[in-house]
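The values are calculated or read from the model by the stated rules, or taken from the named source; none is laboratory data. Note that the coordinates shown come from a computational prediction; the quantities given were computed from them, not determined experimentally. Cβ: placed from backbone, ideal geometry, glycine included. Neighbour counts: every protein chain shown.
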C-alpha cells in the first residue's frame, strides 16, 4: 500500500465523477434553498397567526419535519410515494417517482421546518419599539411589516440563516442513500471499486469543506453589505459577542432568543 | 397489505431492539462528546499559538464536513487507522457501532468546545475582575464562579447539540448498524408498508425530542434561579 | 381625586376637546394599571403627567393612540372614539404623533427616509411633497443638514430631535411624549427640551410624561400627578408646584425637586 494516505493518481482519475457529484450536490442545495425562501414566510406567518386554522397545522408541520431525522424523511418520501396510487398512476409520476424529486421534497420539508424557526426568531428579534413607532405614525400594519419588520428581520436573521444553509449543505450527503449520485455517492463508489478508504473520502470531504466555506465567505460579504449603515450599533454589539458560538452553528431559535434577551437588556441604549 | 399478526409483531420486536441500539449509541455518543468537548474546550482556551492553530484547523475541518462522511471514513478506514496508530500485527475489525460512536464523539466534541468558548467569552468580564479582587486562586475561581456560570450560558446550546446528535444517529445505519432505522427499513420493505414503519420511526425521535424540551426548561429554570428577569 | 375637567358650557364646544377619557380602566392580568381615569384635554393645552414609576403614566398616554387597548371606559380623540376597530385606530394615529423614550428611529433608513415614510404610506403623499415636508420639520428641529445620514451616526439628542420631526411630518394635532429625555445623557437633554418648548407656540395639543420639573413649570398649562393607576391631583402648573394639596404629591415633589 502507498506510504501516502492519499493516492493522488486516484484523485485525478476520479475527478470528473467527483465534479459531477459536486454539481448534483450544489443543484439539490440550491433548489431546496429557493423553495425554502419561497415558502418560509407564508409558513411562518401561518405558524405565528392567532387563527388556529392556520397555526395548528403549521405547528404540527414544524414539529414533525423538524423532529424527524432527515434519513427517515427521505425513506418516507422515496418509498412512500410509490405506495400512493394517485401519484403512481398519475401524469406527474415522472416527477414524483424520480429519486431526485424525492430528495428535493424530503430536504425541502425538513429545511422549511427549520426555516420557520429562523424567520420567527428574526421577526421577534426586531425591537418592538420600532413596530410601535411605525404604527403610531399611522402606518398600516401590513406596511409596517413590509417596510420595517421584514427588512430588519432579514438583517437580524442572516447569521441564523447562514447556519441553516450550512446544515442543509452538509445534510445533502444523505441523499446518496436513495440512489442519487452526489458527492458522497461518488466517494462510496470509488471506495467500492478500489478498497481505498481514505482517498475518496478525504477528497470528497475537501470538496464539501470548500463548498461550505465559500458559502460562509459569501454570507460574510452579504452581512457586511447589509450592515453598512449600522456601524455604531454593531460596534456596540461587538462589545458583547453573540451568546454562544455553538448555538450559532445550530438551532437558530435559541441563538435569536438569546439575542433577544440581550436586546432587551440593551433597550436602554439608542438604536 | 396483508401480513400475519405474528409477522407484524416480529418486526415490531426487531425495531424495538434497534431502538435500544439507537439509544445506546446516542447516550454514549453524547456523553463522550460532552466529556471530550469540555476537555478540548478548556485546553483550547489557552492563548498558546500552537494550540490555537491546531484548534482552528480541527474545528474548521470538522464543522465543514458532513458527519456522514466522518462515519464512512472511520468505518471503512477504521482498521487501517488502528493498525497505523498502534502498529498491531493483525487488523482489528471496526464495528459500525464503534465507528459511529467515534465519529459522533469527534464531531460533536468540536461543537461542544466551541460552545464553551462562546459561553466563556460571553461571561461578564466583571466576574473575572471580582475574582481577582477577592484574591481567589485560579482553580477556586473557575470551580466556584466561572464554570457554573459557563454551564448556565452554554446550557441552551447543549440542548441543541443533544437534539442534533439524536437525529444524527440514524446515519450510522448506513454503515451497517442494526439500529431503529435499519430495522424499520427492513420491515417497511418486507411488508410493503413504508408509511407505517417510517412514520413510527419518526415518531420515536419526535416524541423523544418533545420530551426533552420540558425537562430542559426545568433545568434551565434551576440554572437561572437567583437571576432577575428582565422586564420587557 | 380624579382629573379636573375644564369648564364646558355647550355641547358644540366639544370640538375644542382634543382628548376625552371617561372611566378608563386597564388591567395587565391581575394588575390594575389604570383605575378610573377621567381626563379632558382641551385643544392647544400643554399637559405634563408625572408620578413615580409604575404609576401608569406611560400606560395612560399609550392608550390615547391605542398602543395599549383600554379595557373599560371610553377614549375619544378629536371626536373619534377608540373602539378597537382598525379603521378608527388608524384614523386616530394619523392625527396623534408620539415621541418615545427609546427614539425608535428606523435604523435601516436615512433620516430623510425616516421622516417621509409615514406621509407617503399613510397619507399617500408623493415623494417630493413628503421630502419638502420633511425638510421643513428637520430644519425646524435644527437637524436639516444631517438628513442623508443614518440614525446610528447621530447622537442621542440628535436622534430624539429627528424622532420629533418624524412625528411632526404627519402634521398631527396632538403630540404625545413618553419620557422623551429619560434615555439621554444630561448634556443632551436641554437641546431636546428646547425643541419641545419651541413647539408650544404652534397651537399643538401636547401631553408629556416627564420627570423634567423645570420644563413642566415653564411650559405646562396643567399638571397631572398619577400614582398607582389613579390621577391623584391635577391643576394649573403654578398651584401644582407652589401649593400641592395631596400628601402624596407633596411627598413626590419633595423627592423630585432637590
Any hit, the range B:23-34, residues being farther than 18 Å from residue B:105 by Cβ and either touching a helix residue (DSSP H, G or I) at 6+ places or on another chain (Cβ under 7 Å) or not in a helix (DSSP H, G or I) (or both):
no
The condition of being over 23 Å from residue A:197 (Cα atoms) and either without any contact (Cβ under 8 Å) to a residue 24 or more places away in the chain or touching a helix residue (DSSP H, G or I) at 6+ places or on another chain (Cβ under 6 Å) (or both) holds, among B:126, B:87, B:176, B:100, only for B:126
When you scan the range A:80-91, do you find a residue that is under 17 Å from the mean Cα position of the chain (by Cα), within 9 Å of another protein chain (Cβ to nearest Cβ), free of Cβ contacts under 8 Å to residues at least 12 places away in the same chain and in a helix (DSSP H, G or I), even just one?
no
Of the listed residues (A:100, A:65), the one being in contact (Cβ under 8 Å) with a residue 12 or more places away in the chain and either within 14 Å of chain B (Cβ to nearest Cβ) or closer than 20 Å to residue B:203 by Cα (or both) is A:65
Report whether or not residue A:186 is within 19 Å of residue A:208 (Cβ to Cβ) and either more than 23 Å from the chain's Cα centre (by Cα) or surrounded by 24 or more Cβ atoms within 10 Å (Cβ to Cβ) (or both).
yes
Quick one: is residue B:65 in contact (Cβ under 8 Å) with a residue 12 or more places away in the chain, surrounded by 14 or more Cβ atoms within 10 Å (Cβ to Cβ) and within 14 Å of chain A (Cβ to nearest Cβ)?
no
Residue list for the range B:183-212, filter: at the interface with chain A (Cβ under 10 Å from one of its Cβ atoms), under 23 Å from residue B:161 (Cα atoms) and in contact (Cβ under 8 Å) with a residue 40 or more places away in the chain
B:201, B:204, B:208, B:209
Any chance you could count how many residues in the range C:87-110 are within 21 Å of the chain's Cα centre (by Cα), farther than 26 Å from residue C:44 by Cβ and more than 8 Å from chain A (Cβ to nearest Cβ)?
0
Restricting attention to the range C:183-229, report how many residues are under 23 Å from residue C:65 (Cβ atoms) and without any contact (Cβ under 8 Å) to a residue 60 or more places away in the chain.
10
Number of the exception - residue B:148 against (1) surrounded by fewer than 17 Cβ atoms within 10 Å (Cβ to Cβ); (2) facing chain A (nearest Cβ under 10 Å); (3) without any contact (Cβ under 8 Å) to a residue 24 or more places away in the chain
(2)
Of all residues in the range C:57-67, how many are part of a loop (DSSP other than H, G, I, E, B) and buried (at least 24 other Cβ atoms within 10 Å of the Cβ)?
1
Quick test of your reading of the structure: residue A:139 fulfils all but one of (1) more than 21 Å from residue A:43 (Cα to Cα); (2) more than 15 Å from the chain's Cα centre (by Cα); (3) touching a residue at least 12 places away in the same chain (Cβ under 8 Å); (4) buried (at least 21 other Cβ atoms within 10 Å of the Cβ). Name the failing condition by number.
(3)
When you scan the range C:111-125, how many residues do you find that are out of contact with any helix residue (DSSP H, G or I) (no Cβ under 8 Å at 6 or more places or on another chain) and facing chain A (nearest Cβ under 8 Å)?
0
Looking at the range B:86-97, which of the residues that are surrounded by fewer than 18 Cβ atoms within 10 Å (Cβ to Cβ) and more than 13 Å from chain A (Cβ to nearest Cβ) is farthest from residue B:167 (Cα to Cα)?
B:89
Among the residues of the range C:144-161, are any more than 13 Å from chain A (Cβ to nearest Cβ) and crowded, with 22+ Cβ neighbours inside 10 Å?
no
Out of B:178, B:183, B:192, I need the residue that is more than 17 Å from the chain's Cα centre (by Cα) and modelled with pLDDT under 90. Which one?
B:192
